[in-house]
Amino acid sequence: MFVFDNTYARLPDRFHARLPPTPVSAPRLIRVNTALAEQLGLEPVFLASPEGVAILAGNRVPEGAEPLAMAYAGHQFGNWVPRLGDGRAILLEVRGLDGVRYDIQLKGSGPTPFSRNGDGRAALGPVLREYIVSEAMQALGIPTTRSLAAATTGEPVLRQEGMLPGAVLTRVSKSHVRVGTFEFFANHGDSDGVRALGDYVIARLYPDAATAANPYLALLDSVIARTASLIARWQLVGFIHGVMNTDNTSIAGETIDYGPCAFMDTYDSATVFSSIDRGGRYAYDQQPRIGYWNLTRFAQALLPLLGEDEDAAIAVAQNAIKAYPSVFEGAYAEGMRAKFGFTQAHADDSALIGTFFRHMADGRADFTLAFRYLCESAEGRDEKLRALFDNPAALDVWLAKWRERLALEKSGSPADCCTRMRAANPAFIPRNHRIEAAIVAAQERQDFAPFNELVEVLARPYSDQPEFERYAEPPKPDEVVRQTFCGT
Ligand code: AMP
Ligand code: MG
């Protein structure tokens, strides 16, 4: 049932440590992602069986797998850390029904040579959070690692808050190679390692780059483009990653390593949730800039492959990275136009859009609902939108201008415009207070119903789902979550 294709295991020894996951005492399944399992050619019923759960929890290594922990380094909050690596995850590599290779990673599966002082385990709360948010991102159409399953281990883990139930997340990615993986080899002056990794990534993720005049430059260009467009999409839905370290920056252009991530409720461009991000380095409005910084680290790591000598390589890298702002702006502007119902670009759009954001900030409006209710305004129904703003009168002037702008659209009726906008403006995002409630129920009462319901509602973020209206609502004042934690 699993078709293993252990390409990463075939890379030289310094790329990884080979070891199996560490068994746990009493694994119990929380959830299997049926649709994803099928895409991978895995039988959901098997995965939910005792044998399947034994695999998901790391108690059994299926035949043909070559489990390993990946080596990597990274810049954490701007500081260089020469040795990180998978300290609490084991990688298995499979080939899906679609012929694509996927990494399956058991996160929380026990210590590895990269664990440093950590226990190699994951607490239930962060596992549920990653499951909920990564699958919500997928449903929103944003590139992300996926969650195939979650299981409790029956073993407690010790964290700052005290003893917590342990869990393992089975996560799936197109590849777990990170900017920090390249940095690991580059920092050792290991150009052969950088080259082997570059060749690996090109073959697996960017096959078109192989035929370019300079394949490594083509690789750099592709990663720049994918990362810029990924971060643009985060901005469009109010997602804050929280730990945009280079070891958490995917070479595949996927959102990866969900820690203290969160979606903003009330619009505020400086929003920070992570308890450890004291300087606001990874605040909402800093994310595009940090993406650029991280990609500059990637370009730097690739230098040995980019030119004849160092000066030539630096010139090539600098030229490549120059593309980032325009790719980001292009993706962001296109996404924004869709959110406002515009099918073409007009010169005054960015000013008009900027004014709406100012009204949202001044009026302390909920980011997600403001856009969702704006869809109704396309049909002349402004009540719900106005009710979100502290000072709706200020918004009326803007609404009149926006309608003038919509009148320039050649295509379709107001109803068409509303439909179009609803496909770009989700009703449901994984709101912090809902995630928190799902975690508390699971942790304190072994009640996984709120978790399961939340996952199911978030699978259809662009549909109204009137019976689940409460999940679309912002937190009440006493429900607001101001801080999130890594929980590692
Ligand atoms: P993260 O914050 O998840 O991006 O992890 C940063 C680094 O710390 C990675 O090298 C992880 O493997 C490692 N790490 C995080 N939590 C643990 C843990 N509980 N045990 C061992 N290593 C960990
Ligand atoms: Mg990480």
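What follows draws every value from the coordinates through simple rules; no lab data is involved. What you see is a predicted model; the values in this text were computed from it and never measured. Here the Cβ is made from the backbone with ideal geometry for all residues, glycine too, and neighbour counts use every protein chain on show.
Taking amide H positions as placed 1.01 Å from N in the peptide plane, with prolines and chain starts having none, which residues 5 or more places from residue 16, or on another chain, fall under 5 Å of its amide H?
71
Taking only the C-alpha atoms, wrap a convex hull around the chain and report its volume per residue in Å³ as a whole number.
Hull volume over Cα atoms, normalised by residue count, gives 153 Å³.
Could you calculate the contour length gain from residue 163 to residue 100, that is, 0.36 nm times the residue separation minus the distance between their Cα atoms, to one decimal place in nm?
Between residue 163 and residue 100, full extension yields 18.7 nm more.
Of 23, 330, 237, which is farthest towards the positive pole of the chain's charge dipole, taken about the Cα centre with +1 and -1 on the beta-carbons of Lys, Arg and Asp, Glu respectively?
The residue sitting farthest along the positive end of the dipole is 23.
How large is the translational diffusion coefficient of the stretch 8-173 in µm² per second when you combine the Kirkwood radius over alpha carbon pairs with Stokes-Einstein at 37 °C and 0.692 mPa s?
Diffusion coefficient, whole number: 202 µm²/s.
Would you mind ranking 476, 401, 107, 339 so that the residue whose beta carbon has the fewest other beta carbons within 10 Å leads the list?
With the sparsest Cβ surroundings first, the list reads 476, 401, 339, 107.
Translational D (Stokes-Einstein, µm²/s) of the stretch 342-422 at 37 °C and 0.692 mPa s when Rh comes from the Kirkwood sum over C-alpha pairs?
256
Run the reach check for residue 401 against lysines, Cα to Cα strictly under 27 Å, same-chain hits fewer than 8 apart removed. What comes back?
Here the lysines satisfying the reach criterion relative to residue 401 are 339, 384, 410.
Along the charge dipole of the stretch 1-140, Cβ charges K/R +1 and D/E -1, which of 131, 44, 100 sits furthest on the positive end?
The one lying farthest along the dipole's positive direction is 131.
Report, in cubic angstrom per residue, the convex hull volume of the C-alpha atoms of the stretch 231-290.
Convex hull volume per residue, Cα atoms: 80 Å³.
Pick out, from 120, 69, 82, the residue whose Cα sits farthest towards the positive end of the charge dipole of the stretch 8-173, with +1 on the Cβ of Lys and Arg and -1 on the Cβ of Asp and Glu.
82
Can you bin the stretch 227-334 into rounded, prolate or oblate? Criterion: square roots of the alpha carbon gyration tensor eigenvalues sorted a ≥ b ≥ c, rounded for a/c under 1.5, prolate for a/b above b/c, oblate for the rest.
prolate
Below 8 Å, C-alpha to C-alpha, sequence gap of six or more: please give me the relative contact order for the chain in percent.
Relative contact order for the chain comes out at 14 percent.
Name the residues whose placed amide hydrogens come within less than 5 Å of the amide hydrogen of residue 41, ignoring near sequence neighbours (fewer than 5 apart) on the same chain.
97
Just want the ordering: 486, 418, 375, from fewest to most Cβ atoms lying within 10 Å of their own Cβ.
486, 418, 375
Could you give P(r) for the stretch 160-253, binned at 10 Å from zero, as whole percent values over all Cα-Cα pairs?
14, 38, 29, 14, 4, 0
Taking N as the number of residues in the stretch 419-486, what value does Rg over Cα atoms divided by 2.2 N^0.38 Å take?
Normalised Cα radius of gyration, the stretch 419-486: 1.20.
Evaluate E = 1/(1 + (r/R0)^6) for residue 13 and residue 293, where r is the Cβ-Cβ distance and R0 equals 25 Å; express this FRET efficiency to the nearest 0.05.
0.20
Hey, fewest Cβ within 10 Å first, where do 346, 433 land in order?
Sorted ascending by nearby Cβ count, the order is 346, 433.
Would you mind counting up the charge near residue 413? Only other residues with Cβ under 15 Å from its Cβ, with Lys and Arg at +1 and Asp and Glu at -1.
Surrounding charge for residue 413 is +1.
Rounded to whole Hz and in sequence order, give me ³J(HN,Hα) for the stretch 119-131 from the Karplus expression 6.51 cos²θ - 1.76 cosθ + 1.60, θ = phi - 60°, writing x for Gly and Pro.
Those phi angles translate into 8, x, 10, 10, 7, 4, x, x, 5, 5, 4, 5, 4 Hz.
For the stretch 289-357, with equal point scatterers placed on the C-alpha atoms only and solvent neglected, what are the log10 I(q)/I(0) values from the Debye formula at q = 0.15, 0.21, 0.25 1/Å, to two decimals?
Ignoring solvent entirely, the Cα scatterers give -0.62, -0.83, -1.03.
Sorted from largest to smallest, which semi-axis lengths in Å does the alpha carbon gyration tensor of the stretch 121-201 give for its equivalent ellipsoid, taking the root of 5 times each eigenvalue?
Ellipsoid semi-axes (Å, largest first): 31, 19, 10.
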